[in-house]
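Worksheet: the structure to be examined is printed underneath.
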Amino acid sequence: MTVPSAPSPLRRELRLLLRAAGFLTRAPVPAWVWAHADDFAPSLRWFPLVGAGSGLAAGLAFAAASTAGVPGLAAAAL
């Protein structure tokens, strides 16, 4: 019988990043991200990056809509 090896540090950080993204957004994440229940607290370190990324995406959508001539309120809704 073999002992399961610990995940690599890169894979663990990817899981933490995806868990933060899945918690803070409606982005679909793979099911293996939620496999370990004790990983929520360490994923907090990724919250600022996920927040900045979602804010950047929203800002780019607003900028693209407003330069395309969409009125301000409709551009903000996008």
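Does L73 satisfy being open to solvent by 80 Å² or more (accessible area, probe 1.4 Å), over 30 Å from P9 (Cβ atoms) and in a helix (DSSP H, G or I)?
Working: open to solvent by 80 Å² or more (accessible area, probe 1.4 Å): yes; over 30 Å from P9 (Cβ atoms): yes; in a helix (DSSP H, G or I): yes.
The answer is yes for L73.
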Residue pairs within 7 Å by beta carbon, gap of at least six or interchain, first lying in segment 34-61 and of a type outside the set (F, W, Y), second assigned to a loop (DSSP other than H, G, I, E, B) and open to solvent by 90 Å² or more (accessible area, probe 1.4 Å), listed first then second, are A61/L78
Looking at segment 22-40, which of its residues are open to solvent by less than 90 Å² (accessible area, probe 1.4 Å) and either among the aliphatic types (A, V, I, L, M) or not in a helix (DSSP H, G or I) (or both)?
L24, T25, A27, V29, P30, A31, V33, A35, H36
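The values are calculated or read from the model by the stated rules, or taken from the named source; none is laboratory data. Worth saying up front: this structure is predicted, and the values here are computed from it rather than measured. No Cβ is skipped: glycine too gets one built from the backbone with ideal geometry, and neighbour counts run over all protein chains shown. Ligands, DNA and RNA are excluded from the accessible area calculation, which covers all protein heavy atoms including side chains. Shrake-Rupley method; radii C 1.70, N 1.55, O 1.52, S 1.80 Å.
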